[in-house]
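The values are calculated or read from the model by the stated rules, or taken from the named source; none is laboratory data. The shown structure was predicted, so the numbers you read here are calculated from the model rather than taken from an experiment. Neighbour counts run over all protein chains shown; Cβ positions are idealised from the backbone, glycine included. Quick note on the areas: whole protein, heavy atoms, side chains included, nothing else; ligands and nucleic acids left out. Shrake-Rupley method; radii C 1.70, N 1.55, O 1.52, S 1.80 Å.
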Amino acid sequence: MIHSPRHILLPANPVFIAISLFAAFLLNLQPWGRLAFMPDFVALALVFWGIHQPRRVGIGIAFFMGLMMDVSDATLLGENALAYTLLSYFAITIHRRVLWFPLMKQALHVLPLLLFTQLVEMLIQMMINDKPFAWLFFMESFVAVALWPIATMLLLAPQRRAVDKDMNRPL
């Protein structure tokens, strides 16, 4: 299990955090990135880092990533920024609670956050463009929640300590 007491995680490398957010941004830029079932990888990465490293990835970074997504998607400037800022705020708010649970229950805590983010984006689109409401729009949150265990394993991998103990190291 990932969160067993035997595993002590190393501090997160800020360069790795930046690379993971940039990789999530690049995944969102792919042509298949805006299909109905493709998750918002930036939102998934922001939730992950907001829960695991709330002091390093906060609301300011979420706002910046939202502005980058607004420019790349050619949407209303601030739409994704608002949604990601709220997402980051709520992820930071519940980060202590979520870490107590195993991965599948963590995913159930992340689902309302991702659905709320999509709801904010959808409401803004409905107000601005009179875009019709579609239930399929929320499918990407369920796919992102299904990817939560994989994302957790990948993003925590550099922080794991070696399983075999070295008697020359103090920890």
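Observations
- Each residue in region 28-63 was checked for being touching a residue at least 12 places away in the same chain (Cβ under 8 Å) and open to solvent by 50 Å² or more (accessible area, probe 1.4 Å), and 7 of them qualify.
For (1) open to solvent by 20 Å² or more (accessible area, probe 1.4 Å); (2) among the hydroxyl-bearing types (Ser, Thr, Tyr), each residue gets a yes or a no:
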{"site": "85", "(1), (2)": "yes, yes"}
{"site": "94", "(1), (2)": "yes, no"}
{"site": "108", "(1), (2)": "yes, no"}
{"site": "117", "(1), (2)": "no, yes"}
{"site": "125", "(1), (2)": "yes, no"}
{"site": "128", "(1), (2)": "yes, no"}
{"site": "149", "(1), (2)": "yes, no"}
{"site": "157", "(1), (2)": "yes, no"}
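- Whichever residue in region 73-83 is open to solvent by less than 50 Å² (accessible area, probe 1.4 Å) and small (Gly, Ala, Ser) and, among such residues, is farthest from residue 55 (Cα to Cα): 78
- Residue in region 80-89 that is of a type outside the set (Ser, Thr, Tyr), closer than 18 Å to residue 152 by Cα and not in a loop (DSSP other than H, G, I, E, B) present: yes
- Scope region 120-163; condition aliphatic (A, V, I, L, M), part of a helix (DSSP H, G or I), out of contact with any Phe, Trp or Tyr (no Cβ under 8 Å at 6 or more places or on another chain) and without any contact (Cβ under 8 Å) to a residue 60 or more places away in the chain; matching residues: 120, 123, 124, 127, 128, 145, 146, 150, 154, 157
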